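Take a look at the following structure, please.
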Amino acid sequence: MSNVRVRFAPSPTGSTHIGTARTALFNWLYARRTGGVFVLRIEDTDKERNTQEALDELIDGLKWLGIDWDEGPGAEGEHGPYFQSQRNELYASYLKKLEEAGRTYEKDGAIYFKLEGERYTEFDKYVGAEVEKVKTQPVVIDDLIRGNVTRREERDFVIQRSNGDPSFHFVNVVDDIAMKITHVIRGEDHLSNTSKHVELFNAFGVEPPKFAHLPMILKNPKDGKGKMSKRDKGALIAEYKDRDFLPEAVRNFIALLGWSPKDDQEILSIEELVERFSLDDVQKGGARFDEKKMSHINFEYMKAMPVEAYANSASSALRKAGLIDDATDQDYLVSCLKVCQEKIDSFENLPGFAAYFFSDDYAINEKAEGKVFKKGDAITRIQEITPVLAALEDWTEASLEGAFNQLAESLETKPFAWFPVVRFAVSGTNSGPDFLPMLEILGKERVLERLKKTEEKYA
RNA sequence: GUCCCGUUCGUCUAGUCAGGUUUAGGACGCAUGGAUUUCAUCCAUGAAACAGAGGUUCGAAUCCUUUACGGGACGCCA
């Protein structure tokens with residue numbers, strides 16, 4: 001086992017964002033790749049904004065994606081507790097160290113970290129006021145993705161708020177020290193904070209960890225500019241779960257946001273991800289989220305599923321649409337889904353695609369309706385085929401094919417003279433699974449009944 | 001405004017660190033054609049990019065400079 005220790009440190013203040021999930025995934029992959037330890041630490045120092053729901057959703061999302069943690073809530077280790085709200089004694093002791101070293105001062109009830117260097121006052125345009133600045137030595141951030149980044153911190157910052165709560169920068173560093181974190185993998189939005197953190201590590205006399213700042217996930221330009229926010233379409237992990245996306249597909253897709261295996265392989269199992277992941281191969285530039293590609297990857301996974309697993313996942317979508325319930329025959333369900341699997345690219349579209357298998361109350365596609373009745377012989381075709389099908393004793397794909405062929409021969413035409421109209425009559429549309437298997441699955445009774453209904457309706 | 005980071009097809013990216021094997025590769029999407037009773041499926045083909053300008057070099061997507069553009073940070077939020 002290596003000595004690598006990484007942490008994912010979310011703050012439970014809202015729905016879990018796709019970027020948050022990616023940060024978690026990359027940390028997890030790095031830990032698994034290197035044989036290190038993955039720590040989940042909950043940064044709940046902001047009592048006003050933390051919620052239990054957000055925490056539940058976060059944990060739920062991680063589990064859904066197959067991300068587990070070696071230390072963290074529910075997996076207590078020697079560095080716990082893993083909620084920052086329970087670590088105040090530790091923070092107090094570290095604060096004392098800084099106080100004793102003369103690196104703090106109080107102002108307006110808050111405690112500030114005091115930078116080292118010559119002090120001067122300057123009008124700051126951004127702040128819009130005179131502020132005190134410090135001529136500090138530049139700090140070098142050792143970043144595994146970007147190389148060395150040099151930055152200078154020039155203003156003291158708050159490490160304990162006037163309400164007594166320690167601030168993010170402070171607890172983040174203290175915990176990384178206390179939890180012996182070796183690699184900090186987080187979003188690029190933290191890159192400019194990192195100089196503050198390095199200042200703190202230095203003040204504690206501790207060698208800073210290696211950093212790896214992941215590129216931002218950017219908005220689709222039609223949603224505006226900048227990084228993707230929780231309000232943007234497709235931004236929330238819970239949304240994918242609700243829409244019955246496959247977790248392994250979502251995981252595969254977000255792994256590809258800013259990282260690639262460097263060859264043409266795009267579909268990667270979790271084992272392959274672990275085996276091939278490397279921080280060296282992480283992209284520097286921001287990545288834009290593309291829902292179409294996400295759907296494509298999801299479809300690839302859907303096609304590759306064993307039928308039983310497919311039926312299992314599909315059931316959730318069909319249940320939500322009220323098409324099936326506990327009474328639905330499993331064998332029938334499986335045979336229906338078998339013919340749909342190759343054709344339909346998402347579970348959320350499945351109910352619309354396959355409703356007629358489970359209900360007589362299915363939608364009529366008007367375009368298909370127009371097409372089928374344009375020729376004017378549709379009703380005749382139905383009247384021709386109905387007695388033939390009614391007389392058929394053996395209701396299988398093969399015998400159906402024979403029946404259509406025979407009729408076609410006797411009328412000197414092709415069997416597919418009847419296909420579109422019969423398909424429309426039994427399904428309300430002109431597209432769907434292969435025709436003959438579909439008839440076989442629907443069954444004689446249902447097919448005849450729908451033919452009759454159609455004849456009456458359009459006669 | 002200041003500082004930091006970035007920039008290869010519309011999008012995700014390979015190639016960049018170790019300059020020549022590149023008519024810059026793959027995938028999504030798009031277009032066209034085909035298979036098919038049909039299709040949201042499948043197959044084939046195509047259009048499509050090294051941000052601009054200088055430089056170094058026999059040779060630059062690859063190295064350097066610079067401009068432009070994009071992103072991030074600048075909270076008693078994390």
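The values are calculated or read from the model by the stated rules, or taken from the named source; none is laboratory data. From a predicted model like this one, the values you see are computed outputs, not experimental measurements. Here the Cβ is made from the backbone with ideal geometry for all residues, glycine too, and neighbour counts use every protein chain on show. The area values use the complete protein model at the heavy-atom level, side chains included, leaving out ligands, DNA and RNA. Shrake-Rupley method; radii C 1.70, N 1.55, O 1.52, S 1.80 Å.
So for chain A, averaging the separation of alpha carbon pairs under 8 Å that are six or more residues apart and normalising by length, what relative contact order in percent results? Can you show the working numbers first?
Details: 668 pairs, mean separation 56.1, N = 459.
Dividing the mean separation by the residue count of chain A yields 12 percent.
If you plug each phi of segment A:252-261 into the Karplus form 6.51 cos²θ - 1.76 cosθ + 1.60 with θ = phi - 60°, what whole-Hz ³J(HN,Hα) values come out, in order, with x for Gly and Pro?
Values per residue, Gly and Pro as x: 4, 5, 6, 5, 7, 8, x, 9, 8, x Hz.
State the answer as a single residue: which of A:385, A:422, A:402 lies farthest towards the positive end of the charge dipole of segment A:366-458, with beta carbon charges of +1 for Lys and Arg and -1 for Asp and Glu, about the Cα centre.
Farthest along the dipole direction, towards plus: A:422.
Determine ³J(HN,Hα), in whole Hz, for all residues of segment A:394-404 in sequence, where each value follows from phi through the Karplus function 6.51 cos²θ - 1.76 cosθ + 1.60 and θ = phi - 60°; x replaces Gly and Pro.
Ordered by residue, 3J(HN,Hα) equals 9, 8, 10, 3, 5, 6, 4, 4, x, 5, 5 Hz.
Give me, ordered by chain and number, the residues 5 or more places off residue A:187 or on other chains with an amide H under 5 Å from its own placed amide H.
Amide H neighbours of residue A:187: A:214.
Continuing with the same structure: How many angstrom lie between the C-alpha centres of segment A:218-254 and segment A:109-187?
32 Å
How large is the accessible surface of residue A:150 in square angstrom, using a 1.4 angstrom probe and rounding to the nearest 10?
90 Å²
Oh, and also: Tell me, what is the FRET efficiency for residue A:148 and residue A:3 to the nearest 0.05, using R0 = 30 angstrom and their Cβ-Cβ distance as r?
Values: r = 23 Å, r/R0 = 0.76.
Working from the Cβ atoms, E equals 0.85.
Once neighbouring chains are kept in place and the probe is 1.4 Å, which whole percent of the accessible area of segment A:283-370 is contributed by carbon and sulfur? Walk me through the numbers before you get to the answer.
On the way: 2170 of 4700 Å².
The nonpolar share, carbon plus sulfur, comes to 46 percent.
Looking at chain A, send over the antiparallel percent of its DSSP beta bridges, to the nearest 5. Before the final figure, lay out each step's value.
Working: 24 of 39 bridges.
Around 60 percent antiparallel, to the nearest 5.
In Å², and per residue, what accessible area does chain A have when probed at 1.4 Å with the other protein chains present?
Details: 22380 Å² over 459 residues.
Averaged over the residues of chain A, the accessible area is 49 Å².
Might you report the magnitude of the Cβ-based charge dipole of chain A about its Cα centre, with Lys and Arg at +1 and Asp and Glu at -1, to the nearest 20 debye? Don't jump to the answer; show the numbers that get you there.
Values: 62 positive and 79 negative charges, 313 e Å.
Roughly 1500 debye for chain A.
In segment A:64-144, which trypsin sites (Lys or Arg not before Pro) fall in coil by DSSP and have 14 or fewer other Cβ atoms within 10 Å? It would help to have the intermediate numbers written out before the result.
Values: sites: A:87, A:96, A:97, A:103, A:107, A:114, A:119, A:125, A:133, A:135; in loops: A:87, A:103, A:114, A:125.
Hits after loop and neighbour filter: A:125.
Please sort by residue number the trypsin sites (Lys or Arg not before Pro) in segment A:20-81 whose DSSP state is loop and whose Cβ has at most 14 other Cβ atoms within 10 Å. Show your work: numbers first, answer last.
Details: sites: A:22, A:32, A:33, A:41, A:47, A:49, A:63; in loops: A:41, A:47, A:49.
Counting only loop positions with at most 14 other Cβ atoms within 10 Å, the trypsin sites (Lys or Arg not before Pro) in segment A:20-81 are A:47, A:49.
So, one more: For residue A:343, give me every one of the lysines with a C-alpha distance below 16 angstrom, ignoring sequence neighbours fewer than eight places off in its own chain.
The qualifying lysines are A:303.
Nearest 20 debye, what's the magnitude of the dipole of segment A:305-355 about its Cα centre given +1 on Lys and Arg Cβ and -1 on Asp and Glu Cβ?
Details: 4 positive and 8 negative charges, 27 e Å.
Its charge dipole is roughly 120 debye.
Show that you can apply the helix-only estimate: for chain A, add -39,500 (n - 2.57) for every DSSP H stretch of four or more residues, divide by all residues, and state [θ] at 222 nm to the nearest 500.
Numbers: 18 runs with 203 residues, N = 459.
Roughly -13500 deg cm²/dmol at 222 nm, from the helical runs in chain A.
Could you tell me which of A:84, A:73, A:24 has its Cα farthest along the dipole of segment A:19-105 towards the positive end, charges placed at Cβ (Lys, Arg +1; Asp, Glu -1), taken about the Cα centre?
A:24
Right, another one. Taking amide H positions as placed in the peptide plane 1.01 Å from N, state which residues far from residue A:104 in sequence (5 or more) or on other chains have amide H under 5 Å from it.
For residue A:104, whose amide H was placed from the backbone, the distant partners under 5 Å are A:114.
I would also like to ask the following. What shape does chain A take by its C-alpha gyration tensor, where a ≥ b ≥ c are the square roots of the eigenvalues and a/c under 1.5 counts as rounded, a/b above b/c as prolate, and the rest as oblate?
On the way: a/c = 3.28, a/b = 3.05, b/c = 1.08.
Judged from the Cα gyration tensor, chain A comes out prolate (a/c at least 1.5, a/b above b/c).
Something else about it: Are there trypsin sites (Lys or Arg not before Pro) in segment A:250-299 that DSSP puts in a loop and that have at most 11 other Cβ atoms within 10 Å, and which ones? Please report the intermediate quantities before stating the final value.
On the way: sites: A:251, A:262, A:276, A:284, A:288, A:292, A:293; in loops: A:262, A:284.
Filter output for segment A:250-299: A:262.
Grab the Cα-Cα distance for residue A:391 and residue A:373, subtract it from 0.36 nm times how many residues apart they are, and report the gain in nm with one decimal. Before the final figure, lay out each step's value.
Values: separation 18, 0.36 × 18 = 6.48 nm, distance 2.57 nm.
My answer for the length gained is 3.9 nm.
Considering amide H positions built from the backbone, and no H for Pro or chain starts, which residues 5 or more places from residue A:159, or on another chain, come under 5 Å of its amide H?
A:111, A:112, A:113
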